Amino acid sequence: MKKEELFNIIGEVDEQKVAAAGMAMNKKKSRPVWVKWGAMAACLCLVVVGALTIPNLKNEAPHRQDTMEQVYTLPQAETMRVELVEWGGDHFKGMVVDAGDNSIFPANAELSVVFDYDTEILLNDGTVMVFNPDEPDTNAIGWKEGTIVTVKFVNYEEYIEDNHFYNHAYASYVEVAD
Amino acid sequence: MEDREIVDLYWERNSNAIKKTASKYGWYCKTIAKNILGNNEDAEECVNDTYLNTWNSIPPDRPNVLATYLGKITRNLSFDRFRHRHADKRGGGEIELVLDELGECVSGADSVELEVEKKELVRAINSFLDTLSQEKCNIFLCRYWYAIPVSEIATRFGMSEGNVSVTLNRIRGKLNKYLKERGYDL
């Protein structure tokens, strides 16, 4: 096959995926690499200063961790139950069936539950799998569509109803609900 | 105006459909055409041809995702024009680099692919994309569907250019392996 044919064939892939990539290009903001490291250094300074001057941060309201990507961090993990709709490479799309004690995603909200480096997954055989986004393998988890999953999360992006599955909760722990 | 309303205008044969399309998606189509063709003049002609083709294809078509529907027409027209103009010379800008990268996944030999085989291959590539993380899938399509320069992808995704190149290289390798394991020897 010639490379031009492959380019044409790639032109025929799922239009939803193409639209999502186009949206990602428009949505993501410019962020030079130094900003990431600068932000990390600034956060470190804040943590040091905060630890010295503010004895208790635990009861503070959720705050923005990264203003460029609008990832927020809760003071402590919150829990909800989500029906698994579809698997992705490092996430699953789902719908909140029980908001539980979480204050971000209401019942019936659509969202993507994203697995990150420290996400712990209680597998059906009782073992705990720590997810590795560099080698994403959600097939190993084996939960089928329709499974109700208990999701604990600390990091999230602002919930907007019209965003559907582009709403993100970054799971810290997941297991099949009782 | 909602996409559904724009499509309705096409179905009503209302010429405002083209104005509304140009207003909402003209820039989007031109970006795709310019990525492939590398110059404004050719890109604008392709975008105008996109409107004409869309006028002729809706109806009977009723696109689910109007942006991608238009983008696909622009992509095909732009690539046809690129191939016509660059049949015997190189120097087409970004698309040359994109094709060179895709060349690593194929033999370069002539092949007689039946339409049904192409559809199966598209399905296999869709399945492969499902195995990637959302971000990697987006990066792959930004590069090989939209032909966006690596530097621009890097800026938009907050990565270094080297990181994007390495990511793309790994995805191409995985795609090659994935397709070979399923009997596709490209």
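Only the coordinates and a few stated rules stand behind these numbers; no lab work does. None of the values given here were measured: they were computed from a predicted structure. So basically every Cβ, Gly included, is an ideal-geometry build from the backbone, and we count neighbours across all protein chains shown.
Listing for the model above:
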item: Sorted largest first, extent of segment A:61-176 alpha carbons per principal axis (Å); result: 37, 27, 22
item: Estimated FRET transfer efficiency (B:ASN39, A:ASP178; beta-carbon r; R0 56 Å; 0.05); result: 0.35
item: q = 0.16, 0.23, 0.27 Å⁻¹: log10 I(q)/I(0) that the Debye formula gives for segment A:97-151, counting C-alpha atoms only; result: -0.60, -1.09, -1.24
item: D_trans [Stokes-Einstein, Kirkwood Rh over alpha-carbon pairs] for segment B:94-181, 25 °C, 0.890 mPa s, µm² s⁻¹; result: 177
item: Residues whose placed amide H lies under 5 Å from that of A:HIS168, excluding near-sequence neighbours; result: A:SER112, A:GLU157
item: B:ASN169 versus A:GLU161: modelled label distance in nm, points set 7 Å from Cα along the beta carbon direction; result: 4.8
item: Ellipsoid semi-axes in whole angstrom, largest first, where each is sqrt(5λ) of the Cα gyration tensor of segment B:3-85; result: 22, 12, 10
item: Residues B:LEU52 and A:ASN124, FRET efficiency given R0 of 51 Å [Cβ-Cβ distance, rounded to 0.05]; result: 0.35
item: √(5λ) per eigenvalue of the Cα gyration tensor, chain B, largest first, Å; result: 30, 20, 18
item: Segment A:120-170 - Rg over Rh from alpha carbon coordinates, Kirkwood radius; result: 1.00
